1. Only residues that are of a type in the set (A, V, I, L, M, F, W, C), part of a helix (DSSP H, G or I) and in contact with a helix residue (DSSP H, G or I) (Cβ under 6 Å, 6 or more places away or on another chain): list them for the stretch 11-34, please.
2. One residue is enough: does the stretch 51-58 have a residue meeting the conditions within 18 Å of residue 8 (Cα to Cα), of a type outside the set (A, V, I, L, M) and part of a helix (DSSP H, G or I)?
3. Condition test on residue 9, is it at pLDDT below 90 and of a type in the set (Val, Ile, Thr)?
Amino acid sequence: MLQAVRALIWVALAIPVIRMMKGPWWEAGLAVALLFSVLMGALLLIPQDIMPDAIRMAHFAEVTSSNFLFGWIVVFILYYQRPLKGRIGAKAYS
């Protein structure tokens, strides 16, 4: 149940970014991927007493790369779920 709520929060963050972008779909993918990466990885840049530096930086690389990929996947799924009616006859950007 917690994961379903988290998924809805991430989608709620991605939808406004996707709608704002007017260029090719990959620009929205890059924007969402960077947004997800920064949001999840920023706190791992701050030194902590709880986690040693080597582990913290390894976890930073893991979290930012996985969230970057997750952002691309979210945009890919949400972008291609749009109705075809608005895209028929439109100039292809991809």
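1. Hits for the stretch 11-34 are 14, 17, 18, 25, 28, 31, 32, 33.
2. No, the stretch 51-58 has no match at all.
3. Taking the combined requirement at face value, the residue does not satisfy it.
Yes or no, residue by residue, for (1) under 14 Å from residue 71 (Cβ atoms); (2) crowded, with 17+ Cβ neighbours inside 10 Å:
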| site | (1), (2) |
| --- | --- |
| 2 | no, no |
| 7 | yes, no |
| 18 | yes, yes |
| 21 | yes, yes |
| 29 | yes, yes |
| 42 | no, no |
| 45 | no, no |
| 54 | no, no |
| 59 | no, no |
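The values are calculated or read from the model by the stated rules, or taken from the named source; none is laboratory data. Remember, predicted model here, so these are calculated numbers, not experimental data. Here the Cβ is made from the backbone with ideal geometry for all residues, glycine too, and neighbour counts use every protein chain on show.
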